[in-house]
Every structure is written in C-alpha cells, then in structure tokens.
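For reference, the structure is listed below as structure tokens.
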Amino acid sequence: MALHFELVTPARLVRSEDVHMVVVPGTEGEFGVLEGHAPFMSTVRDGTLKIYRTEGGQPEEIEVQGGFAEVGENGLTVLAEHVEG
C-alpha cells in the first residue's frame, strides 16, 4: 500500500505523489508516517524531510523551513513555509 504525500508552500504545490514512508522533522522530534497512520497534526521545525519511495530504499531528502504537517484520510500533507530547491 502507498501513502499519498503532498508538500505545499504558500506559493505552490511542490510534490503530490504516492510513496512508502515520509519522515518529518517535527518540533517535538522526527516522526515517520506510513499508509494507515492515525490522524495527527504537528508543527514542523527547520530540517530535512526524508521521502522513501520504496520499503528499504534510500530516502530523497528535501530541506524545509517551518510549517505544519497533517495526517488524515487522504494521507500526509506538509505545509512548509519554505522549501529549498
């Protein structure tokens, strides 16, 4: 099963894709989100999002600055204040 992941900034939709797992730099610590995760909301600290396309694969890393992460019925949405790259 796949997790639907969206990365959004105030200016644009950066990513919208199905992935295996995403590790988010939350203000209370990093947390991983897989398909079927319970609904959850967290603030995001400046750091690195790690996107795993497949189980056991190498992560793609994206630098983010601030924002919020929400896990819901539609998957994971990260609303970042700024994204590098």
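The values are calculated or read from the model by the stated rules, or taken from the named source; none is laboratory data. Keep in mind the model is a prediction, meaning the values are calculated, not measured. Quick reminder, even Gly has a Cβ in these numbers, built from the backbone with ideal geometry, and neighbours come from all protein chains shown. Just so you know, the surface numbers come from the protein's heavy atoms only, side chains and all, with ligands and any DNA or RNA stripped out. Shrake-Rupley method; radii C 1.70, N 1.55, O 1.52, S 1.80 Å.
For this structure, a couple of remarks:
- Some residue of the range 61-70 being without any contact (Cβ under 8 Å) to a residue 24 or more places away in the chain, part of a strand (DSSP E or B), at positive phi and open to solvent by less than 40 Å² (accessible area, probe 1.4 Å): yes
- Applying the condition of being over 11 Å from the mean Cα position of the chain (by Cα) and within 12 Å of VAL19 (Cα to Cα) to the range 31-55 and asking which residue is surrounded by the fewest Cβ atoms within 10 Å (Cβ to Cβ) yields GLU55.
- Residue in the range 77-84 that is without any contact (Cβ under 8 Å) to a residue 12 or more places away in the chain, of a type outside the set (Lys, Arg) and open to solvent by less than 60 Å² (accessible area, probe 1.4 Å) present: no
- Of the residues making up the range 54-71, those that are modelled with pLDDT of 95 or more and either within 20 Å of LEU13 (Cβ to Cβ) or small (Gly, Ala, Ser) (or both) are GLU60, GLU61, ILE62, GLU63, VAL64, GLN65, GLY66, GLY67, PHE68, ALA69, GLU70, VAL71.
- Test: residue in the range 1-22 that is modelled with pLDDT under 95 and touching a strand residue (DSSP E or B) at 6+ places or on another chain (Cβ under 7 Å): yes
- In the range 14-32, the residues that are more than 13 Å from GLY67 (Cα to Cα) form Cβ pairs under 8 Å with partners that are among the charged types (D, E, K, R) and surrounded by 17 or more Cβ atoms within 10 Å (Cβ to Cβ), at six or more places apart or across chains, as follows: VAL22/LYS50; VAL23/LYS50.
- Residues being touching a residue at least 24 places away in the same chain (Cβ under 8 Å) and either touching a Lys or Arg at 6+ places or on another chain (Cβ under 9 Å) or over 18 Å from PRO59 (Cα atoms) (or both) - total across the range 1-13: 6
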